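As structure tokens, the structure follows; a few thoughts come after it.
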Amino acid sequence: MTATLVAALCPFAISAAQGSATQRDSIVIGGRTVPAGTTERGPIVVAGGDLTVAGQVDGSAIAIAGDVIVLPGGEVTGDAIAAFGEVRNEGAVGGQSRALTGTFGASLRALFSTPDAPPAAKRTPLELALGWFTVMMLIGLGVLVFASPYLDGVADVLAQSFWRSFLTGLIGHLGVLPAILLVVVGLAVTVIGVLLVPFAVVALVLVVAGLLALGFVAAARVTGEGIGNRGGRRLSDKGGALRGVIIGTALYMGLWVLAAATGSVAVVGVVLRVLALLATFVAATAGFGAAILSRGGTRRDAAVATQMPAAEEVGWQTPTPVSGVAAARRRPAASSTAAH
């Protein structure tokens, strides 16, 4: 989904004439370099690559899933912002330098890596699988500790209505790109809105990524609780939830580790890759749908179909009551022991 999102944003470019100078606001997929001795007006935005500034950027320099690199002699008059990357300043930055880094950012950058990326930036499939295994385990434990009520809400909806959650997740996948493009087009109609496009795109991607992560952790928890049902009965609610998250996450991500480890074995590697892809897709899609239905875990009853209230106990009535006629009581059953 991430690669599709980036490809959809690739054609976006807006130009506006202002006097004799031309201001260009664009999102470029892949790396971009501002050569030495040149001046380009910003903001300049790249996604899935590094933005290297050897000349001058008259405005802000923004990189999504990449680094902002200001070389000696380079200058950025505005802010230098790297979402899921770093800001390496060896020149001059007139504004602020902001960076969102971490293991998740490094893994996301690996997904954006292109075939012509430097060898040092690439990772082996096993390293990527182990990295994502660690990342998802940490995310699962973090969600369980800091957002346990929301995780409970998503898990309840997923357990109550799996197929409805799965279909909602499919619709959600199809609606992400149109929603982002509508926001981009809506902001691009004004000069001020153009400046907010990169931040809006990052914000929407973070919201979708958050719902996906919350949904996947909920799916892992439901799966883990189902597998370790007997052992979980002896644990408290929090202990059972922790056991479920660990078992479920290890199951889903362990398939990717096995697939990467057996990549050299033709048949086994292909089968494990397909199995891991299907299992992860189903879990992530159903969890995403449950997160949408429960509004991020705030509504636990969102997927519960409206049911008629249970009828009161009518064992004492006749089996075929007639309208307008009061039901007669059944005769009490005879005692099992005869009176002496």
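For segment 172-189, indicate whether the set of residues that are at pLDDT below 80, farther than 30 Å from Gly59 by Cα and outside any helix (DSSP H, G or I) is non-empty. No.
Those residues that are under 14 Å from the mean Cα position of the chain (by Cα) and more than 16 Å from Leu206 (Cα to Cα), I need them from segment 283-298; list them, please. Within segment 283-298, Ala283, Thr285, Ala286, Gly287, Gly289, Ala290 qualify.
The set of residues in segment 63-101 that are assigned to a strand (DSSP E or B), under 13 Å from Arg32 (Cα atoms) and modelled with pLDDT of 85 or more comprises Val68, Ile69, Val70. If the condition is being of a type in the set (S, T, N, Q) and closer than 21 Å to Gly289 by Cα, then segment 161-216 contributes Ser161, Ser165, Thr168.
Within segment 216-231, which residues are modelled with pLDDT of 90 or more and surrounded by fewer than 24 Cβ atoms within 10 Å (Cβ to Cβ)? Val222, Thr223, listed by residue number.
Yes/no per residue for (1) within 19 Å of Ala203 (Cα to Cα); (2) surrounded by fewer than 23 Cβ atoms within 10 Å (Cβ to Cβ); (3) assigned by TED's automatic domain parsing to the domain that holds Ile192:
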{"residue": "Arg32", "(1), (2), (3)": "no, yes, no"}
{"residue": "Thr38", "(1), (2), (3)": "no, yes, no"}
{"residue": "Ile64", "(1), (2), (3)": "yes, no, no"}
{"residue": "Asp67", "(1), (2), (3)": "yes, yes, no"}
{"residue": "Thr77", "(1), (2), (3)": "no, yes, no"}
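Residues in segment 117-170 that are of a type in the set (Phe, Trp, Tyr), modelled with pLDDT under 90 and under 16 Å from the mean Cα position of the chain (by Cα): Trp132, Phe133. The listed residues are Gly175, Gly193, and the only one of them that is surrounded by 14 or more Cβ atoms within 10 Å (Cβ to Cβ), closer than 25 Å to Gly48 by Cα and without any contact (Cβ under 8 Å) to a residue 24 or more places away in the chain turns out to be Gly193.
The values are calculated or read from the model by the stated rules, or taken from the named source; none is laboratory data. If you're wondering where the values come from, they're calculated on a predicted model, not measured in any experiment. Reconstructed Cβ throughout: ideal geometry from the backbone, glycine too, with neighbour counts over all protein chains shown.
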